[in-house]
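Asks: Handing you a structure now.
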Amino acid sequence: MTERTYILRHAGTILVGQVAVMAFGITDTIVAARYADTALASLSVGSATYISVHVALMGIVQALLPIWAELQGAKKYAAVGQSVRQALYVVLLTSALGMAVLLHPTPLLNWAQVPAHLQLEVHDYLTVIAFGLPASLLFRLFGTLNQGLGSPRAVTLVQVAGLICKIPLSILLVLGVPGIFEPMGLVGCAWAT
(Lines give C-alpha, C1' and ligand atoms only; values in the text may rest on other atoms or scores of the structure.)
Protein backbone atom coordinates (compact mmCIF):
# COMPACT_ATOMS: atom_id res chain seq x y z
CA MET A 1 0.00 0.00 0.00
CA THR A 2 1.39 3.39 -0.96
CA GLU A 3 1.70 6.23 1.49
CA ARG A 4 -0.95 8.21 -0.41
CA THR A 5 -3.43 5.32 -0.25
CA TYR A 6 -2.75 4.89 3.46
CA ILE A 7 -3.34 8.58 4.17
CA LEU A 8 -6.49 8.72 2.03
CA ARG A 9 -7.92 5.65 3.75
CA HIS A 10 -7.36 7.17 7.19
CA ALA A 11 -8.62 10.58 6.09
CA GLY A 12 -11.78 9.01 4.65
CA THR A 13 -12.41 7.12 7.87
CA ILE A 14 -12.00 10.28 9.95
CA LEU A 15 -14.19 12.26 7.52
CA VAL A 16 -17.08 9.79 7.91
CA GLY A 17 -16.81 10.09 11.70
CA GLN A 18 -16.75 13.90 11.57
CA VAL A 19 -19.80 13.99 9.30
CA ALA A 20 -21.61 11.79 11.83
CA VAL A 21 -20.66 14.21 14.63
CA MET A 22 -21.89 17.19 12.59
CA ALA A 23 -25.14 15.33 11.99
CA PHE A 24 -25.72 15.40 15.78
CA GLY A 25 -26.15 19.17 15.59
CA ILE A 26 -28.24 18.99 12.43
CA THR A 27 -30.54 16.47 14.11
CA ASP A 28 -30.97 18.71 17.15
CA THR A 29 -31.68 21.73 14.94
CA ILE A 30 -34.36 19.96 12.91
CA VAL A 31 -36.07 18.34 15.90
CA ALA A 32 -35.93 21.46 18.11
CA ALA A 33 -37.38 23.55 15.27
CA ARG A 34 -40.30 21.12 15.00
CA TYR A 35 -40.92 21.49 18.72
CA ALA A 36 -40.91 25.30 19.09
CA ASP A 37 -39.16 28.39 17.78
CA THR A 38 -38.04 29.29 21.31
CA ALA A 39 -36.48 25.82 21.63
CA LEU A 40 -34.51 26.47 18.46
CA ALA A 41 -33.36 29.86 19.75
CA SER A 42 -32.37 28.36 23.10
CA LEU A 43 -30.59 25.50 21.33
CA SER A 44 -28.49 27.93 19.32
CA VAL A 45 -27.36 29.74 22.48
CA GLY A 46 -26.94 26.57 24.54
CA SER A 47 -25.04 24.64 21.90
CA ALA A 48 -22.80 27.64 21.14
CA THR A 49 -21.96 27.85 24.84
CA TYR A 50 -21.35 24.13 25.11
CA ILE A 51 -19.26 23.98 21.93
CA SER A 52 -17.13 26.93 23.08
CA VAL A 53 -16.34 25.18 26.35
CA HIS A 54 -16.02 21.72 24.82
CA VAL A 55 -13.72 22.72 21.95
CA ALA A 56 -11.42 24.65 24.27
CA LEU A 57 -11.09 21.66 26.59
CA MET A 58 -10.99 19.16 23.75
CA GLY A 59 -8.01 21.02 22.28
CA ILE A 60 -6.04 20.29 25.43
CA VAL A 61 -6.68 16.56 25.03
CA GLN A 62 -6.23 16.63 21.24
CA ALA A 63 -2.76 18.17 21.68
CA LEU A 64 -1.55 14.74 22.83
CA LEU A 65 -2.02 13.21 19.36
CA PRO A 66 1.46 14.03 17.99
CA ILE A 67 3.08 12.86 21.23
CA TRP A 68 1.35 9.48 21.05
CA ALA A 69 2.06 9.16 17.32
CA GLU A 70 5.75 9.85 17.95
CA LEU A 71 5.91 7.33 20.80
CA GLN A 72 4.12 4.75 18.64
CA GLY A 73 6.54 5.36 15.78
CA ALA A 74 9.50 4.99 18.13
CA LYS A 75 7.97 1.72 19.42
CA LYS A 76 7.88 3.07 22.98
CA TYR A 77 4.65 1.30 23.85
CA ALA A 78 5.10 1.49 27.62
CA ALA A 79 5.56 5.25 27.34
CA VAL A 80 2.28 5.48 25.40
CA GLY A 81 0.50 3.71 28.25
CA GLN A 82 2.11 5.94 30.84
CA SER A 83 1.15 9.04 28.87
CA VAL A 84 -2.46 7.85 28.50
CA ARG A 85 -2.72 7.30 32.26
CA GLN A 86 -1.43 10.83 32.84
CA ALA A 87 -3.92 12.13 30.27
CA LEU A 88 -6.75 10.71 32.38
CA TYR A 89 -5.81 13.27 35.05
CA VAL A 90 -5.98 15.99 32.40
CA VAL A 91 -9.46 14.80 31.41
CA LEU A 92 -10.55 14.78 35.07
CA LEU A 93 -9.31 18.34 35.60
CA THR A 94 -10.74 19.71 32.35
CA SER A 95 -14.07 17.96 33.01
CA ALA A 96 -14.36 19.62 36.42
CA LEU A 97 -13.53 23.01 34.94
CA GLY A 98 -15.96 22.61 32.04
CA MET A 99 -18.77 21.33 34.24
CA ALA A 100 -18.35 24.30 36.58
CA VAL A 101 -18.79 26.69 33.65
CA LEU A 102 -21.74 24.80 32.16
CA LEU A 103 -23.55 24.37 35.47
CA HIS A 104 -23.22 28.09 36.26
CA PRO A 105 -23.71 29.80 32.88
CA THR A 106 -25.54 32.92 34.10
CA PRO A 107 -22.52 35.27 33.87
CA LEU A 108 -21.85 34.08 30.31
CA LEU A 109 -25.50 34.36 29.32
CA ASN A 110 -25.75 37.86 30.78
CA TRP A 111 -22.52 38.91 29.07
CA ALA A 112 -23.89 37.59 25.75
CA GLN A 113 -27.14 39.50 26.42
CA VAL A 114 -29.30 36.41 26.09
CA PRO A 115 -32.94 37.43 26.67
CA ALA A 116 -34.23 36.49 30.11
CA HIS A 117 -37.10 34.42 28.68
CA LEU A 118 -34.58 32.08 27.00
CA GLN A 119 -32.10 31.81 29.87
CA LEU A 120 -34.05 29.24 31.88
CA GLU A 121 -34.35 26.85 28.94
CA VAL A 122 -30.68 27.36 28.03
CA HIS A 123 -29.70 26.75 31.66
CA ASP A 124 -31.70 23.50 31.77
CA TYR A 125 -30.08 22.35 28.51
CA LEU A 126 -26.58 23.15 29.76
CA THR A 127 -27.21 21.43 33.11
CA VAL A 128 -28.00 18.14 31.40
CA ILE A 129 -25.23 18.45 28.81
CA ALA A 130 -22.68 19.31 31.54
CA PHE A 131 -22.97 15.82 32.98
CA GLY A 132 -22.12 14.38 29.56
CA LEU A 133 -18.94 16.45 29.30
CA PRO A 134 -16.66 13.98 31.14
CA ALA A 135 -17.78 11.13 28.87
CA SER A 136 -17.30 13.35 25.83
CA LEU A 137 -13.77 14.28 26.87
CA LEU A 138 -12.98 10.63 27.63
CA PHE A 139 -14.20 9.76 24.14
CA ARG A 140 -11.98 12.51 22.72
CA LEU A 141 -9.08 10.91 24.61
CA PHE A 142 -9.99 7.54 23.08
CA GLY A 143 -10.26 9.13 19.63
CA THR A 144 -6.97 10.98 19.96
CA LEU A 145 -5.21 7.83 21.10
CA ASN A 146 -6.59 5.77 18.22
CA GLN A 147 -5.75 8.42 15.66
CA GLY A 148 -2.27 8.81 17.14
CA LEU A 149 -1.75 5.05 16.90
CA GLY A 150 -2.99 5.04 13.30
CA SER A 151 -6.28 3.18 13.80
CA PRO A 152 -9.21 5.61 13.60
CA ARG A 153 -11.77 3.01 12.50
CA ALA A 154 -13.01 2.22 16.03
CA VAL A 155 -13.60 5.93 16.67
CA THR A 156 -15.62 6.30 13.48
CA LEU A 157 -17.71 3.23 14.28
CA VAL A 158 -18.62 4.67 17.69
CA GLN A 159 -19.46 8.06 16.12
CA VAL A 160 -21.72 6.47 13.48
CA ALA A 161 -23.36 4.19 16.07
CA GLY A 162 -23.93 7.24 18.26
CA LEU A 163 -25.70 9.01 15.41
CA ILE A 164 -27.88 5.97 14.74
CA CYS A 165 -28.98 6.07 18.40
CA LYS A 166 -29.22 9.88 18.58
CA ILE A 167 -31.76 10.42 15.80
CA PRO A 168 -34.62 8.31 17.23
CA LEU A 169 -33.78 9.35 20.80
CA SER A 170 -33.94 13.03 19.88
CA ILE A 171 -37.28 12.61 18.15
CA LEU A 172 -38.72 10.58 21.04
CA LEU A 173 -37.39 12.74 23.87
CA VAL A 174 -38.01 16.16 22.32
CA LEU A 175 -41.36 15.53 20.63
CA GLY A 176 -42.67 12.70 22.80
CA VAL A 177 -45.31 10.16 21.82
CA PRO A 178 -48.91 11.32 22.30
CA GLY A 179 -50.58 9.44 25.14
CA ILE A 180 -47.42 7.48 25.97
CA PHE A 181 -44.46 9.78 26.54
CA GLU A 182 -44.61 13.50 27.27
CA PRO A 183 -42.38 15.76 25.18
CA MET A 184 -39.31 17.10 26.98
CA GLY A 185 -38.57 19.93 24.58
CA LEU A 186 -35.02 21.23 24.34
CA VAL A 187 -33.84 19.24 27.37
CA GLY A 188 -34.65 16.14 25.33
CA CYS A 189 -31.92 17.16 22.87
CA ALA A 190 -29.44 17.30 25.73
CA TRP A 191 -30.47 13.89 27.07
CA ALA A 192 -30.26 12.36 23.58
CA THR A 193 -26.79 13.80 23.12
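Asks: If you take the residues in the stretch 12-21 that are of a type in the set (A, V, I, L, M) and over 30 Å from LEU118 (Cα atoms), which one is least open to solvent (accessible area, probe 1.4 Å)?
Replies: Looking only at the stretch 12-21, we keep the residues that are of a type in the set (A, V, I, L, M), and these are 14-16, 19-21.
Within this subset, residues satisfying the condition of being over 30 Å from LEU118 (Cα atoms) are 14-16.
Working: ILE14: 58, LEU15: 107, VAL16: 79 Å².
Among them, the one singled out is ILE14.
Asks: Counting only residues that are hydroxyl-bearing (Ser, Thr, Tyr) and under 16 Å from LEU138 (Cα atoms), which one in the stretch 71-114 is most open to solvent (accessible area, probe 1.4 Å)?
Replies: TYR89
Asks: Only one of GLY148, GLY179 is modelled with pLDDT under 90, among the small types (Gly, Ala, Ser) and either open to solvent by 60 Å² or more (accessible area, probe 1.4 Å) or touching a Pro at 6+ places or on another chain (Cβ under 6 Å) (or both); which?
Replies: Result: GLY179 is the single residue among GLY148, GLY179 that is modelled with pLDDT under 90, among the small types (Gly, Ala, Ser) and either open to solvent by 60 Å² or more (accessible area, probe 1.4 Å) or touching a Pro at 6+ places or on another chain (Cβ under 6 Å) (or both).
Asks: Filter the stretch 158-187 down to the residues that are within 13 Å of ILE30 (Cα to Cα), among the small types (Gly, Ala, Ser) and outside any loop (DSSP other than H, G, I, E, B) and list them by number.
Replies: Matches in the stretch 158-187: SER170 only.
Asks: Then there's this: Kindly indicate which of THR5, THR29 is more than 22 Å from the chain's Cα centre (by Cα) and in a helix (DSSP H, G or I).
Replies: THR5
Asks: Out of everything in the stretch 22-42 that is polar (S, T, N, Q) and under 20 Å from HIS54 (Cα atoms), what residue ends up being least open to solvent (accessible area, probe 1.4 Å)?
Replies: The selected residue is SER42.
Asks: Within the set of pairs 6+ apart or on separate chains, which have a first residue in the stretch 177-190 that is farther than 21 Å from TYR125 by Cβ, a second that is assigned to a loop (DSSP other than H, G, I, E, B) and open to solvent by 50 Å² or more (accessible area, probe 1.4 Å), and C-beta atoms under 9 Å apart?
Replies: From the stretch 177-190, the pairs are VAL177/PRO183.
Asks: Further, regarding this structure: Within the stretch 8-16, is there a residue that is in a helix (DSSP H, G or I) and either in contact with a Leu (Cβ under 8 Å, 6 or more places away or on another chain) or closer than 26 Å to GLY176 by Cα (or both)?
Replies: Filtering the stretch 8-16 down to residues in a helix (DSSP H, G or I) leaves 8-16.
Remaining after also requiring either in contact with a Leu (Cβ under 8 Å, 6 or more places away or on another chain) or closer than 26 Å to GLY176 by Cα (or both): none.
The answer is no, given that none of the residues of the stretch 8-16 is in a helix (DSSP H, G or I) and either in contact with a Leu (Cβ under 8 Å, 6 or more places away or on another chain) or closer than 26 Å to GLY176 by Cα (or both).
Asks: A follow-up question, please. Given the structure, is THR2 among the polar types (S, T, N, Q), under 20 Å from ALA154 (Cβ atoms) and modelled with pLDDT under 90?
Replies: Details: among the polar types (S, T, N, Q): yes; under 20 Å from ALA154 (Cβ atoms): no; modelled with pLDDT under 90: yes.
No: the conditions fail for THR2.
Asks: Same structure, new question: Would you mind telling me which numbered condition in (1) over 19 Å from VAL174 (Cα atoms); (2) surrounded by fewer than 19 Cβ atoms within 10 Å (Cβ to Cβ); (3) modelled with pLDDT of 90 or more; (4) not β-branched (Val, Ile, Thr) ARG9 fails?
Replies: With respect to (1) over 19 Å from VAL174 (Cα atoms); (2) surrounded by fewer than 19 Cβ atoms within 10 Å (Cβ to Cβ); (3) modelled with pLDDT of 90 or more; (4) not β-branched (Val, Ile, Thr), ARG9 is out only on (3).
Each row is one residue, and each column tells you yes or no for (1) farther than 20 Å from VAL80 by Cβ; (2) of a type outside the set (A, V, I, L, M); (3) under 18 Å from the mean Cα position of the chain (by Cα).
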{"residue": "LEU109", "(1), (2), (3)": "yes, no, no"}
{"residue": "LEU126", "(1), (2), (3)": "yes, no, yes"}
{"residue": "THR144", "(1), (2), (3)": "no, yes, yes"}
{"residue": "GLY148", "(1), (2), (3)": "no, yes, no"}
{"residue": "ALA154", "(1), (2), (3)": "no, no, yes"}
{"residue": "ALA161", "(1), (2), (3)": "yes, no, yes"}
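Asks: To continue, here is another question. Collect the residues in the stretch 176-193 that are out of contact with any strand residue (DSSP E or B) (no Cβ under 9 Å at 6 or more places or on another chain) and under 24 Å from LEU118 (Cβ atoms), keeping them in residue-number order.
Replies: GLY176, GLU182, MET184, GLY185, LEU186, VAL187, GLY188, CYS189, ALA190, TRP191, ALA192, THR193, listed by residue number.
Asks: Could you list, in sequence order, all residues of the stretch 151-175 that are buried (at least 19 other Cβ atoms within 10 Å of the Cβ), farther than 25 Å from ALA33 by Cβ and of a type outside the set (Val, Ile, Thr)?
Replies: PRO152
The values are calculated or read from the model by the stated rules, or taken from the named source; none is laboratory data. Small disclaimer: the values here were computed from a predicted structure and weren't measured. Counting neighbours? That spans all protein chains shown, and the Cβs are built from the backbone with ideal geometry, glycine included. Note: areas computed on protein heavy atoms with side chains; ligands, DNA, RNA excluded. Shrake-Rupley method; radii C 1.70, N 1.55, O 1.52, S 1.80 Å.
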